[in-house]
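Report on the following structure.
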Amino acid sequence: MVHAEQQYLDLLRDLLDAPFKDDRTNTGTRTKFVHNLRFDLSKGFPLFTTKKVFFRGVAEELFWFLSGSTRIRPLLEKGVHIWTEWCYEPYKQAMIESGEKYLTMQQFEERILNDQLFDMRWGDLGRVYGGQWRDFGRCEGEVFQTITNGKDEVKVPVGYFVEPGFDQITWLINEIKQNPNSRRLIVWAWNPKEHLEKNEARLPPCHLGFQVVIINGKLNLHFTMRSNDAVLGNCFNIAGYALLQMLICAQTGYEPGELCYTGIDVHLYENHIEQAKLQITREPRPFPTLKIREGVKSIFDYTFDDLELIGYDPHPAIKATVAV
């Protein structure tokens with residue numbers, strides 16, 4: 001039987017021969033239009049084995065999404081640095097433009113952790129996943145009052161308003177319990193007004209959204225990515241959504257079924273080619289199993305200590321540089 005990870009290695013092979021395409025980061029990519037992957041979670045947890053994947057980082061990132069946070073400080077407090085560069089690069093560019101000396105990335109992270117004002121200024125990623133999953137459509141802004149002064153009318157700010165958005169994750173869990181046959185079990189992360197018109201995210205969501213479908217007592221999940229870094233991102237994304245699927249199952253009483261991925265613009269960066277060539281030479285090993293502690297009352301209450309990864313025996317890690 002062909003190992004499920006082989007389909008990912010086949011994707012890397014396809015990308016090595018794919019057409020060249022310029023990109024936002026000016027790194028250059030080899031790009032494929034639309035690719036699908038499927039994993040049966042009853043046959044193991046899809047944490048790729050042809051290179052070591054930082055599972056604690058996968059889990060802490062998902063818990064961070066579920067918390068609704070959009071700031072990097074909670075991740076740094078857990079020792080997870082995967083989102084730092086998205087805040088550090090704008091800070092660095094601002095310092096260069098102002099002629100000021102900028103901190104190293106390590107110094108930047110330390111300042112985020114220890115300086116509240118600095119964290120408030122530079123530590124927010126904007127309206128990324130946590131904000132969309134837990135607070136979709138939130139509105140906020142100043143309240144003005146018009147004052148007449150003779151013939152002139154002047155608008156004067158008199159306050160600030162916040163209108164909470166929609167908590168999609170809470171809704172999803174409740175809806176699965178009440179209406180499991182629904183074809184509307186969808187969570188969406190892409191918000192055109194915030195991501196296109198207002199540009200309110202350091203990195204607009206790459207995984208646009210996901211949908212749950214329950215068949216024969218099994219909970220299946222499909223997620224879509226508008227843009228996917230095949231070397232650095234895909235392994236994290238597959239494992240992250242597999243974990244999310246299993247947490248949803250734990251909270252709703254269903255068995256995990258299939259996890260399905262669709263990538264729209266799937267790309268191999270030019271500076272990741274040697275890493276991909278190395279990875280496809282490795283033989284996949286058996287997927288691990290994942291146990292989740294029973295009795296956790298809410299999907300928002302899980303911690304890394306509630307997870308037990310069993311039998312993970314990967315090949316060594318393969319380092320690559322993220323394109324920001």
- [ ] Tell me, yes or no, whether region 113-122 has at least one residue that is modelled with pLDDT under 95 and not basic (Lys, Arg).
- [x] no
Open item on the list: Can you report the number of residues in region 112-148 which are open to solvent by 20 Å² or more (accessible area, probe 1.4 Å), in a helix (DSSP H, G or I) and charged (D, E, K, R)?
Closed with: 3
Open item on the list: Just to check your reading of the model, which residue among 66, 75 is within 17 Å of the chain's Cα centre (by Cα) and without any contact (Cβ under 8 Å) to a residue 24 or more places away in the chain?
Closed with: 75
Task: Residues within region 280-324 that are modelled with pLDDT of 95 or more and either on the phi > 0 side of the Ramachandran plot or polar (S, T, N, Q) (or both), tallied - done: 6
Task: Single unsatisfied condition, residue 130 versus (1) touching a Lys or Arg at 6+ places or on another chain (Cβ under 8 Å); (2) within 21 Å of residue 199 (Cβ to Cβ); (3) of a type outside the set (D, E, K, R); (4) modelled with pLDDT of 95 or more - done: (1)
Task: Residues (among the charged types (D, E, K, R) and touching a helix residue (DSSP H, G or I) at 6+ places or on another chain (Cβ under 9 Å)) located in region 38-96 - done: 38, 51, 56, 60, 61, 71, 73, 77, 78, 85, 92
Open item on the list: Can you find a residue that is on the phi > 0 side of the Ramachandran plot and either charged (D, E, K, R) or open to solvent by 60 Å² or more (accessible area, probe 1.4 Å) (or both) anywhere in region 196-216?
Closed with: yes
Open item on the list: Looking at region 268-306 only, could you name the residues that are charged (D, E, K, R) and under 26 Å from residue 228 (Cα atoms)?
Closed with: 270, 274, 277, 282, 283, 285
- [ ] Output the residue which, of all residues in region 94-110 that are open to solvent by 40 Å² or more (accessible area, probe 1.4 Å) and under 24 Å from the mean Cα position of the chain (by Cα), is nearest to residue 322 (Cα to Cα).
- [x] 105
Open item on the list: So, residue 293, is that one over 16 Å from the mean Cα position of the chain (by Cα) and basic (Lys, Arg) or not?
Closed with: yes
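So which of 220, 199, 237 ends up being over 21 Å from residue 72 (Cα atoms) and among the polar types (S, T, N, Q)?
From the options 220, 199, 237, the qualifying one is 220.
Could you list all residues from region 38-56 that are closer than 22 Å to residue 226 by Cα and buried (at least 20 other Cβ atoms within 10 Å of the Cβ)?
Scanning region 38-56 gives 39, 46, 47, 48.
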Open item on the list: Can you confirm whether residue 310 is under 30 Å from residue 26 (Cα atoms) and either in contact (Cβ under 8 Å) with a residue 12 or more places away in the chain or aliphatic (A, V, I, L, M) (or both)?
Closed with: no
- [ ] May I ask you to list the residues in region 217-235 that are open to solvent by less than 10 Å² (accessible area, probe 1.4 Å) and in a strand (DSSP E or B)?
- [x] 219, 221, 223, 225, 228
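The values are calculated or read from the model by the stated rules, or taken from the named source; none is laboratory data. Note that the structure is a prediction, hence the values are computed from the model and not measured. Quick reminder, even Gly has a Cβ in these numbers, built from the backbone with ideal geometry, and neighbours come from all protein chains shown. To get the accessible areas, we keep the full protein, side chains included, count just its heavy atoms, and leave off ligands, DNA and RNA. Shrake-Rupley method; radii C 1.70, N 1.55, O 1.52, S 1.80 Å.
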